[in-house]
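What follows is a short report on a single structure.
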Amino acid sequence: QVHLVESGGGLVQPGGSLRLSCDASGSTFSIDAMGWYRQAPGKQRELVASITSDGNTNYADSLKGRFTISRDNARNTVYLQMNSLKPEDTAAYYCNAVRSHIYYWGHGTQVTVSS
């Protein structure tokens, strides 16, 4: 089992920045990839960004240049730096880990972009 806990969400004004963190615990060895997804009300959950154990990254096309994912393997933590936030970025953000083809999810952290 892999346990994921997100933090760092909150209310931010348009144009602002937030950094989300996700701490993994439990059977963290051999985690293949970690990532962030988001889900806005009434919409499907969508990939924001992912990063493999050797640092290869993948981003949603619409978010490239504003969001940056990084990973600290020693701390079993993945980060999402979000810049130039827009109201349409408002969503619940979920951390994800893949290990042995099994997907694990955190409970999510809310990001609200509003003036």
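The values are calculated or read from the model by the stated rules, or taken from the named source; none is laboratory data. The model shown is predicted, which means the values in this text are computed figures rather than measured ones. Please note: Cβ atoms are built from the backbone with ideal geometry, for glycine as well, and neighbour counts cover all protein chains shown. Accessible surface is based on the protein model in full, side chains and every heavy atom, while ligands, DNA and RNA are left aside. Shrake-Rupley method; radii C 1.70, N 1.55, O 1.52, S 1.80 Å.
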Is it the case that the range 72-90 has a residue that's part of a strand (DSSP E or B), aliphatic (A, V, I, L, M), open to solvent by 40 Å² or more (accessible area, probe 1.4 Å) and at pLDDT 95 or above?
-> no
Note down all Cβ pairs under 7 Å where the first residue falls in the range 20-40 and is without any contact (Cβ under 8 Å) to a residue 40 or more places away in the chain, the second is surrounded by 15 or more Cβ atoms within 10 Å (Cβ to Cβ), and they're at least six residues apart or on different chains.
-> GLY26/VAL2
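Among what's in the range 1-23 and is of a type in the set (S, T, N, Q) and open to solvent by 70 Å² or more (accessible area, probe 1.4 Å), pick the residue that is farthest from SER50 (Cα to Cα).
To start, the set of residues in the range 1-23 that are of a type in the set (S, T, N, Q) comprises 1, 7, 13, 17, 21.
If we keep only those that are open to solvent by 70 Å² or more (accessible area, probe 1.4 Å) too, we end up with 1, 13.
Numbers: GLN1: 20, GLN13: 25 Å.
Selected residue: GLN13.
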Can you tell me which residues in the range 24-47 are open to solvent by 30 Å² or more (accessible area, probe 1.4 Å), modelled with pLDDT under 90 and either assigned to a strand (DSSP E or B) or not hydroxyl-bearing (Ser, Thr, Tyr) (or both)?
-> SER25, GLY26, PHE29, ASP32
Filtered residues of the range 58-71 (kept if open to solvent by 50 Å² or more (accessible area, probe 1.4 Å), under 19 Å from GLY15 (Cα atoms) and at pLDDT 95 or above) = THR68
